[in-house]
Amino acid sequence: MIKILTITGNKPNELNISSEKDKRISYIKEAIRKKIISFIEDGLEWIIITGQLGIELWAAEVVCELKEKYSVKLGIFPPFLEYSSRWPEHYQEKLEQILLEADFSQSLYNQPYKGPYQFSNKDNWLLQKTDACLIIGDEEYPGSVKFFLEKAKNAAESDHYQIFWITPFDLEEIVKEEAELKLLDIDH
């Protein structure tokens, strides 16, 4: 049974998304919402993320919405202090808002960025603290998720760790479903 799940995926620039108004974000969020609900129905209690730009922040927004209806908790663990300091201001504000809505948040290192080991240790920590991960992306072209994915695959081979995916194909299916729903609305 999966009690604690981490969610990760690509950053907006890796998805060629340059605006929060990009329609693809709504499809990504819908795919995440459906997957999370199925995990909740099977006993999921916590979702923990690091608050990374893109998939993680969008997933956190979905979790905050779902918390109104489901008993799921959100934990945010940035790898170090001032994690978002180099981000565009609107993303910094989004992370601050999500931190306010989270059930728990704490930096893994109580200091600003010191080196890449902080990211590597963050991945190790997530794998130790969770039962499974949900990766939104393409396994053949993982982008910045590749380091986490390699460690997750090792954990899955030697442990009871599970890796779940939302792939580009899954997202295409969401787009088709949404288009069909719009057609049904027009017909009525």
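Figures for the structure shown
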| quantity | calculated |
| --- | --- |
| Positions within the stretch 105-128 being within 16 Å of Leu57 (Cα to Cα) and open to solvent by 90 Å² or more (accessible area, probe 1.4 Å), in sequence order | Gln106 |
| Test: Glu41 is under 22 Å from Lys129 (Cα atoms) and open to solvent by 40 Å² or more (accessible area, probe 1.4 Å) | yes |
| Test for Glu89: is it at pLDDT 95 or above and open to solvent by 60 Å² or more (accessible area, probe 1.4 Å) | no |
| Of residues in the stretch 48-68 being of a type in the set (D, E, K, R) and in contact with a helix residue (DSSP H, G or I) (Cβ under 9 Å, 6 or more places away or on another chain), the one most open to solvent (accessible area, probe 1.4 Å) | Glu65 |
| Which listed residue is under 20 Å from Glu61 (Cα atoms) and either in contact with a Gly (Cβ under 8 Å, 6 or more places away or on another chain) or aromatic (Phe, Trp, Tyr) (or both), from Leu171, Leu134, Leu95, Leu100 | Leu95 |
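The values are calculated or read from the model by the stated rules, or taken from the named source; none is laboratory data. Just so it is clear, the model here is predicted, and its values are computed rather than measured. So basically every Cβ, Gly included, is an ideal-geometry build from the backbone, and we count neighbours across all protein chains shown. These area figures cover heavy atoms from the full protein model, side chains too; ligands, DNA and RNA do not enter into them. Shrake-Rupley method; radii C 1.70, N 1.55, O 1.52, S 1.80 Å.
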